[in-house]
Amino acid sequence: MDKDALYVIQTYTRQPIVIAEGKGANVWDINGREYIDCVAGIAVNNVGHCHPKVVSAIQRQAERLIHTSNLYYTEIQVELAEKIASLTKLDKVFFCNSGAEAVEASLKLARKASNKTDFIAAHGSFHGRSMGALSVTYKEKYRKSFEPLIPGVKFVPYDDSEAIKNAITKKTAAVILEPIQGEGGVNVPSDGYLRAAREICDDSDTLLIFDEVQTGFGRTGRWFGSMHWEVLPDIMVLAKAISGGLPMGAMVAKDSVAQKFQRGDHASTFGGNPLVCAASLGAIDALEEGLIDRSAKMGKYLIEKLGELRHEYIKEVRGKGLMIGMELKIDGNSIIDKAREKGVLLNCISENVIRFAPPLVITKEQIDRVVEILG
Ligand SMILES: *Cc1c(COP(=O)(O)O)cnc(C)c1O
């Protein structure tokens with residue numbers, strides 16, 4: 001920890017443990033202390049830590065080919081693109097290395113495809129920290145020191161489709177929304193919201209981007225969060241759990257939109273390299289073994305159990321699948337410190353919301369233990 005302070009640029013507020021190993025929903029620190037991990041790398045380790053299918057896929061690919069340039073074809077990148085197109089019900093994929101990069105790609109594609117410049121995003125939105133992604137991220141604290149950001153972005157209240165309708169102009173290229181807001185505090189919209197947004201975009205010839213970076217790959221009990229409401233975007237943005245813990249992002253688009261990106265319009269040196277593609281296919285294979293339904297079932301169980309706590313500090317428990325937030329009437333940081341000391345890793349978003357995003361392989365017994373400690 002002392003050396004970190006010396007050599008690593010101090011942009012993170014870290015909890016004071018050093019994590020060394022992980023398996024399933026558990027991690028161990030360098031002193032061998034065991035924790036139940038309800039952070040999961042922030043909704044990344046959906047298949048659990050070191051899932052055998054991810055580990056062996058990485059091992060096999062590492063011995064064959066780790067990297068080559070997108071100047072050439074690889075079979076494994078095309079295999080993964082076909083798989084992701086089929087899972088998302090969209091057509092074509094661009095690979096990159098993070099959520100922010102996938103958002104950047106979506107904003108560039110939206111401008112190119114629409115020949116328009118402006119964007120609409122929601123209050124409470126989080127889309128990443130690069131200049132474009134930050135421009136559609138709501139939180140003043142993240143933006144202030146880095147202005148001017150890209151112009152022409154309007155923020156409207158989340159879960160209010162009339163506000164979208166009123167904000168759209170002839171210059172609006174796209175509306176970007178999280179199907180369920182993550183960093184904004186685990187905000188689940190009302191049932192008609194995404195469909196109304198879809199119709200408003202269709203009526204005004206505006207593209208609809210869903211940022212499924214956090215809600216994707218089973219986190220909410222469906223493959224993708226927007227599938228709870230059966231609404232298809234023009235562009236979907238993916239990252240986090242996409243490749244079982246390796247850095248990868250992807251932008252998926254309808255063919256009619258994707259076609260507007262031409263050779264040379266966008267690129268990434270590492271994007272879709274053979275090692276991450278192998279890991280991603282391994283992770284998807286693991287998810288297909290019942291983990292999506294398990295997320296729905298275990299999420300319901302966890303919400304029910306948390307609801308039984310009935311403490312005066314608890315304002316509300318909400319979420320879908322294993323993307324759950326517990327809103328408190330107090331700052332939650334002292335609670336997550338105490339939980340960690342008792343063997344449960346949690347984190348706090350928007351100061352007063354404790355987030356539960358454990359690996360989807362978490363067991364009932366582990367959930368019972370988490371709730372007991374929290375109690
Ligand atoms: C985490 C997150 C991002 C940013 O992803 P990075 O990989 O950290 O760049 C973007 N959108 C949403 C919804 C996220 O949760």
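For the reader, a short list of remarks on this structure follows.
- Spherically averaged projected area in nm², based on the convex hull that wraps the Cα atoms of region 53-287: 12.2 nm²
- On the chain, 51 percent of the accessible area sits on carbon and sulfur atoms, based on a 1.4 Å probe.
- Three-way shape call for region 22-128 based on the alpha-carbon gyration tensor, with the a/c threshold at 1.5: oblate
- If you take all other residues with their beta carbon under 12 Å from the beta carbon of LYS23, and give Lys and Arg +1 and Asp and Glu -1, the sum is -3.
- Solvent exposure of the chain amounts to 48 Å² per residue of accessible area, where only protein heavy atoms count and the probe is 1.4 Å.
- Centre separation in Å (Cα based) which lies between region 232-246 and region 82-144: 11 Å
- Net +/- balance of residues flanking ILE367 in space, Cβ distance below 14 Å, scoring K and R +1, D and E -1: 0
- Span from the region 204-228 Cα centroid across to the region 149-174 one, whole angstrom: 19 Å
- Relative contact order (percent, whole number), region 269-375, Cα cutoff 8 Å, 6+ residue spacing: 24 percent
- The chain - percent relative contact order, Cα under 8 Å, separation 6 or more: 24 percent
- Entries in LYS165/LYS254; LYS171/LYS300; LYS23/LYS297; LYS3/LYS154 that, when Cα-Cα distance is taken, lie over 31 Å: LYS171/LYS300; LYS3/LYS154
The values are calculated or read from the model by the stated rules, or taken from the named source; none is laboratory data. Not measured: the values here are computed from a predicted model. Positions of Cβ are generated from backbone atoms using ideal geometry, with glycine treated the same way; all protein chains shown enter the neighbour counts. SASA here: full protein model, heavy atoms, side chains in, ligands and nucleic acids out. Shrake-Rupley method; radii C 1.70, N 1.55, O 1.52, S 1.80 Å.
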